[in-house]
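In what follows, a structure is listed as C-alpha cells, so that the remarks can point back to it.
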Amino acid sequence: MDRLRKHYGVFGDLMGTFGEPSVSTVAMARPAITIFLLLTLNFVNMAQTPQTPNMEAQRTAMKKLDFLVGEWSGQASVTRGGVVIELEQSEVAQFKLDGLVLMVEGVGRTKSDGKVALQALGLITFDDTSGSYRMRAYNDGRWLETDLKLLEDGKGGSWGFSLGEISTKSVGRINDKGEWTELTEITIGARPPQKLMELVVRRVTRK
C-alpha cells in the first residue's frame with residue numbers, strides 16, 4: 001500500500017484515506033484522472049479566451065446613431081401621480097471610447113421654479129455577436145437594460161422596460177423639422193397604456 005501511495009503522489013494519499021484499493025482499480029483510475037484533468041484544463045482555457053469583439057463592426061453600427069449627437073434644448077412633460085409636470089428639457093448626446101459608446105444625458109427642470117425634476121443617463125452600445133443594440137439607462141439610483149431597435153427610416157429607435165406587471169414603451173425619432181421627439185407610455189397590469197413622458201427638443205450645437 002505504501003508503495004502505491006508513493007507512486008501516485010497526492011492521489012495515493014486519497015487512496016490511503018478511503019482504504020486500500022486493488023491494483024486493477026488503481027490502474028483504471030489513472031487514465032480516468034488524466035482525462036478529467038485534460039477536460040478541466042480545456043474548460044479553463046476556453047473560459048479565459050472569450051471571443052474577440054469586432055470593434056470595426058461595432059463602430060460602423062454605432063455611426064447609424066450619429067443623428068442624435070449634439071446638445072438639444074426644448075420642452076417635456078412628465079405624468080406623476082396623475083399630475084402633469086411641465087419641464088424645460090435638455091439632452092446631450094456624444095460618442096465615447098472612440099465611437100464604441102453613445103452616451104445620452106437628459107435633464108428636466110420644472111418651468112415653475114427651475115428645480116431638477118428629471119435626470120437620466122443612457123449608454124448605448126452595439127453587440128456584434130448578436131447584431132443588436134443594447135441600452136443601459138440610469139435614473140434615481142436604479143438602472144435597467146434593454147434592446148434598442150432602429151426604426152425603418154433610420155432616424156429613430158424604440159425601446160422598453162419591464163419590471164413585474166409594469167412595462168414601458170418608448171419611441172424616439174427625428175421629425176421633419178429636425179426636432180428630436182420622444183413619447184413614453186406605461187402599462188400596469190391589464191390597464192390600457194398611459195402617457196408617461198413626452199418631449200420635443202431642438203439641436204442647439206453639434207459636438
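Quick look at the numbers
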item	result
Residue that is nearest to the chain's Cα centre (by Cα), among those in the stretch 51-88 that are closer than 20 Å to Thr168 by Cα and exposed (fewer than 14 other Cβ atoms within 10 Å of the Cβ)	Arg80
Residue match in the stretch 116-127 (condition: of a type in the set (Ser, Thr, Tyr), more than 20 Å from Arg203 (Cβ to Cβ) and in contact with a helix residue (DSSP H, G or I) (Cβ under 9 Å, 6 or more places away or on another chain))	yes
Residue check, Ala76 part of a helix (DSSP H, G or I) and in contact (Cβ under 8 Å) with a residue 24 or more places away in the chain	no
Positions within the stretch 151-198 being within 20 Å of Gly122 (Cβ to Cβ) and of a type in the set (Gly, Ala, Ser), in sequence order	Gly154, Gly156, Gly157, Ser158, Gly160, Ser162, Ser167, Ser170, Gly172
Test: residue in the stretch 56-63 that is without any contact (Cβ under 8 Å) to a residue 12 or more places away in the chain and polar (S, T, N, Q)	yes
Search result, residues across the stretch 71-111 that are out of contact with any Ser or Thr (no Cβ under 6 Å at 6 or more places or on another chain) and small (Gly, Ala, Ser)	Gly74, Ala76, Ser77, Gly81, Gly82, Ala93, Gly99, Gly106, Gly108
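The numbers here are math on the coordinates, done by the rules we state, and not lab data. All values reported here derive from a predicted model rather than from experimental measurement. Don't worry about glycine lacking a Cβ; one is built from the backbone with ideal geometry, like all the others, and counts go over all protein chains shown.
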